[in-house]
């Protein structure tokens with residue numbers, strides 16, 4: 001897992017997403033126009049990736 | 001604020017790119033004027049290269065389709081359709097294509113391979129296979145097992 005910080009809050013994740021808004025816009029363009037659905041999809045995917053280890057980390061702590 | 005490392009930034013780009021690809025595939029987009037992936041991968045080719053590639057492709061198509069026309073025997077016309085495009089192309093290059101002087105001469109493996117951008121060994125094997133196929137099919141059609149072809 002490249003993203004090492006497993007304890008990112010929702011705000012932190014959203015901050016990253018807003019920081020890289022230009023990047024998201026670049027990848028959301030279809031025929032020169034920003035496709036909002038596609039942008040949403042990318043945001044969701046990034047959110048999922050950045051938060052998916054939260055639960056795992058929590059379970060691991062409980063287990064130990 | 002959490003600062004992303006270079007690797008994490010690269011991972012973010014990969015996520016965005018994959019999501020985009022999935023989305024486009026899901027929504028049946030086939031052609032995009034500004035395909036970001038193409039730009040990022042530096043796959044853009046110059047006009048000169050496009051022209052060359054298209055000419056080569058068209059040339060290959062014509063050679064392959066013209067191959068059937070060189071036979072007079074109806075059996076051979078039928079059989080030639082059983083050959084793959086590559087096999088036709090190789091046979092056409094070996095026996096039909098004119099050289100620089102405008103004469104039809106049998107070419108060597110090396111010359112054909114260079115023209116078709118394949119290995120000489122591949123050209124030789126493909127030719128052998130194609131001739132073998134033609135021979136077998138011809139004999140099968142004629143109902144003759146004699147090896148006089």
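Per residue of peptide A:7-18, the mean number of Cβ atoms on other chains within 10 Å of the residue Cβ is 1.
With a 10 Å cut-off around each Cβ of B:14-22, the average count of Cβ atoms from other chains is 6. Counting Cβ atoms of other protein chains within 10 Å of each residue's Cβ and taking the mean over peptide A:27-38 gives 5.
A short reminder: the numbers here are calculations on the coordinates, not readings from a lab. These figures come from a predicted structure and were not determined experimentally. Methodologically, a virtual Cβ is constructed for each residue, glycine included, from the backbone with ideal geometry; neighbour enumeration extends over all protein chains shown.
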